[in-house]
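Structure first, commentary second.
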Amino acid sequence: MRTISIVNHKGGCGKTVTAINLSACLAERRKKVLLVDLDPQGHSSLGLNVKPEETEKNMYHVLSETHWDVAMKDVIIEVNKYLHLAPSGIILSAVEQELAGQPGREDRLLNALAEMPGKYHYIIVDCPPSLGLLTFNALRACREVIVPLETSFFALHGLGKLSETIKLMEDRFGQKKYVQALTTIYDRRTRIAKEVFEELRKHFGKQLFKTIVNINVRLKEATGFGQPICQYDRHSSGYRDYTALAKEVSSMTKARAYRVRSQSAAAASPGSQTVKNGVRFHIHAPKAKTVQIVGDFNNWKLSKGATLDTDGQGSWSKVLHLKPGTYQYRFVVDGQWRDDPNNPNKVKSSFGGMNSIIEYGKQKETQ
Ligand SMILES: Nc1ncnc2c1ncn2[C@@H]1O[C@H](COP(=O)(O)OP(=O)(O)OP(=O)(O)O)[C@@H](O)[C@H]1O
Ligand SMILES: [Mg+2]
């Protein structure tokens, strides 16, 4: 599964148009895509004909502390077989204040997405035009970042702040991000566009997509009609450009997968942790064929529901919805029972070996 956030704190540079149409064009290639609208303006939702005011639950309810029982699966809308949407709503703007000062507040989206590994080929997150908590959540949850840049005089202005934020995230959480810039709203008839594009090429080098998204009124119209360009006008230059982008993004899979695998095991293995409505059990076991979880909560019994999901790169995880309490557990890796290598809290088992211990409850939550 690839996770891509569309980020630029500058407004109106094509984040939403890119989020919608890249998602739709990947879905057209029969990839399962989830578009997460993380902008309280709800433009991605509107662009897919979902009216935020008509949705009962949205990303606010997923991220908010007060709606502890709402998970991603409760808000997802099926746009079509391949394209799903997690909508936004204006109330999402309340999240910043609501979570202010709470530990682990940047991990909300990461943990919410961890509930559905393997369900999607791509998760694409549309961000608001700010570098606040919502954008931090997107950066934290996604391995890849696309930065759309409108070819105007100020395209590069303020980008230092974004690079700084990404670097800070990388250092703090020990995980490299793959950043790629995208030329958008390019008007080939103007000299300024050509000059700015040259600037971008010099500045980003290989980190600039070869695909250029040209200015095209059909893209603007399509969003207004609540349709992605592949539905609205397949003869437009907008359709051609976003199809090319989807192709370019897809072709990066192999190189990315290789680089993700070469990350340090520590970075890939954050360990088990409490999440909003339970515990996310996690272990890094690259050679394992199956991993299960047993503990007090399932009477130490192996069952289908105890099987962890893998991201295909050695990382195994599962979120169990538990009542507050203290639990002992172990992983069963290819039939071998073992304690959690990333959890120092252990107790001797009366059957030999060690059991790991995790405490889940309101006061003890990590976020
Ligand atoms: N390639 C394009 N050709 C023509 N118009 C475009 C193109 N890309 C985006 N637009 C238009 O430019 C405006 C801004 O685009 P968009 O909403 O995607 O930007 P944004 O970065 O998401 O904005 P915000 O920061 O407010 O979320 C919209 O009216 C959109 O329809
Ligand atoms: Mg937008």
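Residue pairs whose Cβ atoms lie under 6 Å apart, sitting 6 or more positions apart in sequence or on different chains, and linking a residue in the range 82-101 that is of a type in the set (D, E, K, R) to a partner that is surrounded by 15 or more Cβ atoms within 10 Å (Cβ to Cβ) and assigned to a helix (DSSP H, G or I), are 96/133.
In the range 289-323, of all residues being at pLDDT 90 or above and in a loop (DSSP other than H, G, I, E, B), the one that is nearest to residue 71 (Cα to Cα) corresponds to 308. Pairs meeting the criteria (first residue in the range 293-322 and in the same structural domain as residue 274 (by TED's automatic domain parsing), second residue in a helix (DSSP H, G or I) and among the charged types (D, E, K, R), beta carbons under 9 Å, at least 6 apart or on different chains) are 313/261; 314/261.
Within the range 177-190, identify whether any single residue is at pLDDT below 95, more than 30 Å from residue 133 (Cα to Cα) and not charged (D, E, K, R), and answer yes or no. Within the range 177-190, one or more residues are at pLDDT below 95, more than 30 Å from residue 133 (Cα to Cα) and not charged (D, E, K, R).
Listed by first and then second residue, the pairs linking a residue in the range 140-159 that is farther than 20 Å from residue 3 by Cα to a residue that is among the basic types (Lys, Arg), with Cβ atoms under 8 Å apart and 6 or more places separating them unless they lie on different chains, are 150/10; 154/10; 157/10; 158/10. Among the helices (runs of 4 or more DSSP H) lying completely within the range 1-85, list those that include at least 3 residues that are buried (at least 22 other Cβ atoms within 10 Å of the Cβ), more than 16 Å from ligand 2 (Cβ to nearest atom) and in the same structural domain as residue 157 (by TED's automatic domain parsing). Ranges flagged: 15-28, 59-63. From the list 146, 123, 192, 166, the lone residue that is within 16 Å of ligand 2 (Cβ to nearest atom) and either more than 24 Å from the chain's Cα centre (by Cα) or of a type outside the set (Ser, Thr, Tyr) (or both) is 146.
Of the residues in the range 167-189, not one is in contact with a strand residue (DSSP E or B) (Cβ under 8 Å, 6 or more places away or on another chain) and part of a helix (DSSP H, G or I). Got at least one residue in the range 86-96 being away from ligand 2 (no atom under 16 Å from the Cβ), assigned to a loop (DSSP other than H, G, I, E, B) and surrounded by fewer than 19 Cβ atoms within 10 Å (Cβ to Cβ)? The answer is no; no qualifying residue exists.
The values are calculated or read from the model by the stated rules, or taken from the named source; none is laboratory data. Just so it is clear, the model here is predicted, and its values are computed rather than measured. Every residue, glycine as well, gets a Cβ built from its backbone with ideal geometry; the counts of neighbours run over all protein chains shown.
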